[in-house]
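Presented below is the structure to which this report refers.
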Amino acid sequence: MAETFAQYKQRVLGYLGKQDPLKVWRATPGRLARLIRGVPGSKLRRRPAPGKWSVAEILAHLSEIEIVIGYRLRNVLATNRVRVQAMNEKAWAESGNYARRHPRRSLELFRSVRASNLALMKSVPRKKWKNYGYHEERGKESIADMLRLYAGHDINHRQQIERILGRWRTKNE
């Protein structure tokens, strides 16, 4: 049975715990770079199981989600109470051909857009973090809510990559 959004949110916010979301945001690109350092591209493109994303696909997903996050944050900051459009990540992965994306280029795109998003959030007064949008599927979400959810999303995918590469490293040591 597929995980509901409420279950997903509880899980990823559990990963975040009391950590500062912006600290997680700052650390993620470097942590991902260290994880894939020295791993051949062929291993990064190998799916761990049928129907499961490879490391390359996860990195492509993170790079495109970061663009979406940047748009959502800017839209809500500029227009409080705006409607926030949902996205179909499976459709994006298929139409964007994530399986064929170069993993290190995806990571570089992620790193670049993340730096821009971090600079934005550092420049925004904390009182603006109360601005919110109405997500089509999730309902009312403030900027602060989004930052926490997206930081938990980072941790979720970093752990997924660690598990995939941990199995690969175990086989190759």
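Rule-based calculations on the coordinates, nothing more; no lab input. Bear in mind that the values here come from a model prediction, so they are computed numbers and not experimental data. Here Cβ is always computed from backbone atoms with ideal geometry, including for glycine, and neighbour counts include all displayed protein chains.
Data for the structure
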{"quantity": "Check on residue 147, within 13 Å of the chain's Cα centre (by Cα) and either without any contact (Cβ under 8 Å) to a residue 40 or more places away in the chain or within 16 Å of residue 23 (Cα to Cα) (or both)", "calculated": "yes"}
{"quantity": "Pair list, Cβ under 6 Å, 6 or more apart: the stretch 112-132 residue without any contact (Cβ under 8 Å) to a residue 40 or more places away in the chain, other residue among the hydrophobic types (A, V, I, L, M, F, W, C) and surrounded by 13 or more Cβ atoms within 10 Å (Cβ to Cβ)", "calculated": "129/143; 129/144"}
{"quantity": "Residue that is nearest to residue 51 (Cα to Cα) [pool: residues in the stretch 131-151 that are assigned to a helix (DSSP H, G or I) and in contact with a Lys or Arg (Cβ under 8 Å, 6 or more places away or on another chain)]", "calculated": "149"}
{"quantity": "Residue satisfying condition, being basic (Lys, Arg) and closer than 19 Å to residue 102 by Cβ, within set 26, 34", "calculated": "34"}
{"quantity": "Count - residues of the stretch 139-151 that are of a type in the set (Lys, Arg) and surrounded by 17 or more Cβ atoms within 10 Å (Cβ to Cβ)", "calculated": "1"}
{"quantity": "Close pairs (7 angstrom Cβ cut-off, 6 or more residues apart or separate chains): among the β-branched types (Val, Ile, Thr) in the stretch 81-110, surrounded by fewer than 15 Cβ atoms within 10 Å (Cβ to Cβ) anywhere", "calculated": "84/134; 84/136"}
